[in-house]
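Before any comments, here is the structure.
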Amino acid sequence: MSSSTKIKAGVFLFLMVMVFSCKQIRKVADVIVQPTARELYAREFENLDSLRYSSWKLAFKNAKGDSLQIRLPYSEHGEYYKERITVYSYTVFLNEGEIFNVAIENKVLEIRNFINLIKVNPDSSFTDIFKNELGENEVKIPIDETGIYKITIQPELDSQGAFTFQMYTSPSFGFPVLGKDNNAIQSYWGAVRDGGARSHEGIDIFAPRGTPVVAAVDGMVSSTGERGLGGKQVWLRAGLFGKSLYYAHLDSILVSTGNKVTIGDTLGLVGNTGNARTTAPHLHFGIYKSGQGAINPLPFVKLTEKPNVQRLISISKFLKVSSAVANIRNAPEVAGIKLGEVKRNDTLSLLGYTENWAHIKLPSGNKAFIYKSLVSEL
């Protein structure tokens, strides 16, 4: 072997070792840093001069400024197109104690979607709350702070095919009265008490005397007894530093301080002890947070329904306005804020349908909702 050949072979071997070493170092770093789905996706374009990828990143950045609002539960079905770079972005109000569920179904199963939940702060700045894992199309996000959020869904580049989104909330705790549901709640957080001297720091769940009252979480019974306005009561702590759950007006107590319980275990029976002697039997249920005091327990236990699922069918890429003039709004409801008007034969990009509304993109790039009966597919 000539000396020049040996040098070339040595250089090649050195480069191979370096590449292997870099990959190993990155693998080790990933275990520690845990890169996000977007960061992992970016690596697929490291050796490419991709203008489309840069546009894809910019679309996500701009989507944070979208003004569309939705109420939950919400569903939408539409079509991804390879040549179209789109981010689906919505503003939604979420409560502490809820679990925010997002489920995406694609007709083409291997499509990867990027799901981000972003908190809108009082000063209009943003805080990242959640980012899905690469390839994860169904997520459950616990909400720790009541407020306004933005949820964004962005398909990977070159995605093509029909999709369905589902967004809805579910309670993070179990329901505290066996066999009952939302219909049994007859008094809510903040209701006036004692002629305005105080407000209700919980919810009242009405049920026949003797109905089992159950643990809404796994935890430990931190206190029991009969005292004060709450009469016979049980305090349940969710975890070592978790929230305290307050069960009051019990007819009888069936656990002792220090008992460990799991969700669904019976703690006592519905009654009307304490200051509830003149009312029908019910459970006063409250939640207390360390350093904050009582918080609204309803979002933690309120039972919810999933939105109806739309069939995965292909739809048109564009719409034509069929009425003389049509209002476009920031929400899929007549009460939504009017963003402007479009006129007969105007062409609009169709992003999806939600019930009786079409989700559209205007030539300006702004997004809106328009009533379906005012447009037709091209």
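Could you give the length gained on full extension between Ser222 and Thr127, defined as 0.36 nm per residue of separation minus the Cα-Cα distance, in nm? Don't jump to the answer; show the numbers that get you there.
Details: separation 95, 0.36 × 95 = 34.20 nm, distance 3.51 nm.
This chain segment gains 30.7 nm when fully extended.
Once you charge only the Cβ atoms, +1 for Lys and Arg and -1 for Asp and Glu, what is the size of the charge dipole of the chain about its Cα centre, to the nearest 20 debye? Show your work: numbers first, answer last.
Working: 43 positive and 36 negative charges, 109 e Å.
Using only the charged Cβ atoms, the result is roughly 520 debye.
What size of dipole, in debye to the nearest 20, comes out for the range 137-293 about its Cα centre when the only charges are +1 on Lys and Arg C-beta atoms and -1 on Asp and Glu C-beta atoms?
On the way: 13 positive and 13 negative charges, 132 e Å.
It works out to roughly 640 debye.
For the range 317-378, state what percent of all Cα-Cα pairs lands in each successive 10 Å bin, counting from 0 Å until the bin that includes the largest distance.
26, 65, 9
Expressed as cubic angstrom per residue, what is the convex hull volume of the alpha carbon set of the range 233-361? Working shown, then result.
Values: hull volume 30.0 nm³, N = 129.
Here the figure is 232 Å³ per residue.
Checking the table Lys150/Lys317; Lys140/Lys232; Lys82/Lys372; Lys180/Lys289; Lys57/Lys107; Lys64/Lys302 against a 32 Å threshold on Cα-Cα, which pairs fail? Let's see the in-between values first.
Working: Lys150/Lys317 25 Å; Lys140/Lys232 36 Å; Lys82/Lys372 25 Å; Lys180/Lys289 25 Å; Lys57/Lys107 24 Å; Lys64/Lys302 30 Å.
Violating the 32 Å Cα-Cα cut-off are Lys140/Lys232.
Shape call for the range 108-252 from the C-alpha gyration tensor, a ≥ b ≥ c root eigenvalues: rounded (a/c under 1.5), prolate (a/b greater than b/c) or oblate?
Details: a/c = 2.61, a/b = 2.17, b/c = 1.21.
It is prolate, given that a/c is not under 1.5 and a/b is the larger ratio.
Using Cα pairs under 8 angstrom and six or more residues apart, how large is the relative contact order of the range 227-378, in percent?
Details: 285 pairs, mean separation 24.6, N = 152.
It comes to 16 percent, rounded to a whole number.
For Asp181 and Lys361, calculate 0.36 nm times their separation in residues minus their Cα-Cα distance, and state this gained length in nm to one decimal.
On the way: separation 180, 0.36 × 180 = 64.80 nm, distance 4.07 nm.
The Asp181-Lys361 span can extend by a further 60.7 nm.
Taking R0 as 25 Å, what's the FRET efficiency between Lys338 and Ala59 from their Cβ-Cβ distance, rounded to 0.05?
On the way: r = 26 Å, r/R0 = 1.02.
Plugging the Cβ-Cβ distance into 1/(1 + (r/R0)^6) gives 0.45.
Calculate, axis by axis, the spread of Cα positions in the chain along the three principal axes, and write the results as whole Å, longest axis first.
The Cα atoms of the chain stretch 95, 73, 38 Å along their principal axes.
State in Å² the accessible area per residue of the chain; use a 1.4 Å probe, count heavy atoms of protein chains only, and round to the nearest integer.
Values: 19630 Å² over 378 residues.
Accessible area per residue, the chain: 52 Å².
What length, rounded to one decimal in nm, is gained on full extension from Leu312 through to Glu39, with 0.36 nm per residue of separation minus their alpha-carbon distance?
On the way: separation 273, 0.36 × 273 = 98.28 nm, distance 2.97 nm.
Net length gain for the segment: 95.3 nm.
What is the percent carbon and sulfur in the accessible area of the chain, measuring with a 1.4 Å probe over the protein chains and ignoring ligands? Mind showing how you got there, number by number?
Numbers: 10640 of 19630 Å².
Carbon and sulfur atoms account for 54 percent of the accessible area of the chain.
With the chain treated as a Gaussian network of Cα nodes joined by springs under 10 Å, which of Leu351, Leu319, Leu298 yields the largest mean-square fluctuation?
Sorting by GNM fluctuation, first place goes to Leu319.
Could I have the simple spin-label model distance between Ser252 and Arg52, label points 7 Å from Cα toward Cβ, reported in nm to one decimal?
It works out to 7.1 nm between the two label points.
The values are calculated or read from the model by the stated rules, or taken from the named source; none is laboratory data. None of the values given here were measured: they were computed from a predicted structure. In this analysis, Cβ positions are derived from the backbone assuming ideal geometry, glycine residues included, and neighbour counts consider all displayed protein chains. Just so you know, the surface numbers come from the protein's heavy atoms only, side chains and all, with ligands and any DNA or RNA stripped out. Shrake-Rupley method; radii C 1.70, N 1.55, O 1.52, S 1.80 Å.
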